[in-house]
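The values are calculated or read from the model by the stated rules, or taken from the named source; none is laboratory data. Just so you know, these numbers come straight off a predicted model, no measurement behind them. All Cβ positions, glycine included, derive from the backbone under ideal geometry; neighbour counts span all protein chains shown. Heads up: the accessible areas ignore ligands, DNA and RNA and are worked out on the full protein's heavy atoms, side chains in. Shrake-Rupley method; radii C 1.70, N 1.55, O 1.52, S 1.80 Å.
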Number of protein chains: 2
Amino acid sequence: MIPLSPADRECLGRARVARLATASPDGQPHAIPICFVFDGASLYSAIDPKPKRDPKRLRRLANLRANPRAAFLVDHYEEDWERLGYLLLHCRVEILEAGAERARALALLAEKYAQYRDMPAFGEGPVIRLVPEGAHHWTSAGG
Amino acid sequence: MIPLSPADRECLGRARVARLATASPDGQPHAIPICFVFDGASLYSAIDPKPKRDPKRLRRLANLRANPRAAFLVDHYEEDWERLGYLLLHCRVEILEAGAERARALALLAEKYAQYRDMPAFGEGPVIRLVPEGAHHWTSAGG
């Protein structure tokens, strides 16, 4: 991983939603909104269970296995365009199907999002680990 | 382009910000937040001028020229997870450097976003046209 600035770490700690862009090996882009947690080094996001029942989710995981790179975006939009900003992280992706790191990530996700604690199927699917390898921070204010 | 449902068209007409995912020809994903306008068939977004001074922007345009495909995402997040949703459009991308279509798109953008009307450099850069070729609509409520 790369070192992140205190401002970037604070941004990752505060954000409730991010957007994850992936691509098939032949370069077809894909994007979804995701919930995630940042443990200070990596980002973790739970994949909904039952992917076998959903061809689109199966394909997304297949894409990630074949091309384990992602762009992770946290941004801020408001109508005052002096206050726009985003943090883009280029990440290496690992899919955690089992094990202690996956269990720890699920606990962190449930700690951050109360919503997960009420979901019976939470924790049944894989967890993706995103390891930042490049960061680009931009604000309209130039900060 | 593909036919979009009335709900999807309404979503595109209302949204103020979207996220655009692209990929380099070898599959490195990229994502940025964008402002855009929907004319009922295509989506248009203005690229900031002065790309020659910004190597990252130059690379982004080079990526789009080499791999003119994008994923265009409009989503809704709130803490009530019964009310989540997104619209993902797989798009073909065209870069408009000049001409009547570019001028019309800039006029539509300035009509939608008052912020552009006060920007001296608005309209100096290229405009990208996104032609939807596939749509995926999801809501947590199943609608």
query: Given the Cα atoms of chain A, and with Rh set as the inverse mean 1/r over their pairs in the Kirkwood sense, what is Rg to Rh to two decimals?
result: 0.97
Probe 1.4 Å, protein heavy atoms only - accessible area per residue of region B:1-87 in square angstrom: 46 Å²
field: For region A:7-47 and region B:90-122, distance of Cα centres in Å
entry: 29 Å
query: How high is the FRET efficiency between B:LEU108 and A:VAL17 when r is their beta carbon distance and R₀ equals 25 Å, given to the nearest 0.05?
result: 0.35
message: Measuring nothing but label to label, 7 Å from Cα along Cα→Cβ, what are A:GLU101's distances to the other copies in nm, shortest first?
response: 4.6
task: Using a 1.4 angstrom probe on heavy atoms only, work out the carbon and sulfur share of the accessible area of region A:40-143 in %.
output: 53 percent
- line: the protein assembly as shown: spread of alpha-carbon positions along the three principal axes, whole Å, largest first, is 57, 41, 35
- request: Under 9 Å from the Cβ of A:LEU89, count the other residues' Cβ atoms, weight Lys and Arg +1, Asp and Glu -1, and hand me the total.
  value: -2
- prompt: Net charge near B:ALA135, counting Lys/Arg +1 and Asp/Glu -1 over other residues with Cβ under 15 Å of its Cβ?
  reply: 0
message: Run the label-point distances for A:PRO25 please: 7 Å along Cα to Cβ, every other copy, nanometres, shortest first.
response: 1.9
Per-copy distances of the B:GLU10 label point, shortest first, in nm (7 angstrom along Cα→Cβ): 4.0
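Per-residue ellipticity at 222 nm for the protein assembly as shown, helices alone: DSSP H runs ≥ 4 residues times -39500 (n - 2.57), over residue total, nearest 500 deg cm²/dmol?
One gets -7500 deg cm²/dmol as the mean residue ellipticity at 222 nm.
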In Hz, Karplus ³J(HN,Hα) per residue of region A:91-101 (6.51, -1.76, 1.60; θ = phi - 60°; x = Gly, Pro): 10, 8, 10, 10, 9, 9, 8, 6, x, 5, 5
query: Beyond 18 Å, what percent of the Cα pairs of region A:57-140 remain?
result: 59 percent
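Please give the total accessible area that chains B and A bury against each other, computed with a 1.4 Å probe and expressed in Å² to the nearest 100.
When B and A are taken together, about 3200 Å² of accessible area is lost.
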- prompt: P(r) tail for region A:1-83, what percent of Cα pairs lie past 20 Å?
  reply: 44 percent
query: A:ARG117 versus B:ALA141, label points 7 Å from Cα toward the beta carbon: distance in nm?
result: 2.6 nm
query: Taking only pairs that are 8 or more places apart or on different chains, how many Lys pairs in the protein assembly as shown have Cα atoms under 28 angstrom apart?
result: 6
field: Net charge of Cβ neighbours under 9 Å - reference B:TYR44; Lys, Arg +1; Asp, Glu -1
entry: +1
field: Mean Cα-pair separation over length for chain A, i.e. relative contact order, pairs under 8 Å, 6 or more apart, %
entry: 30 percent
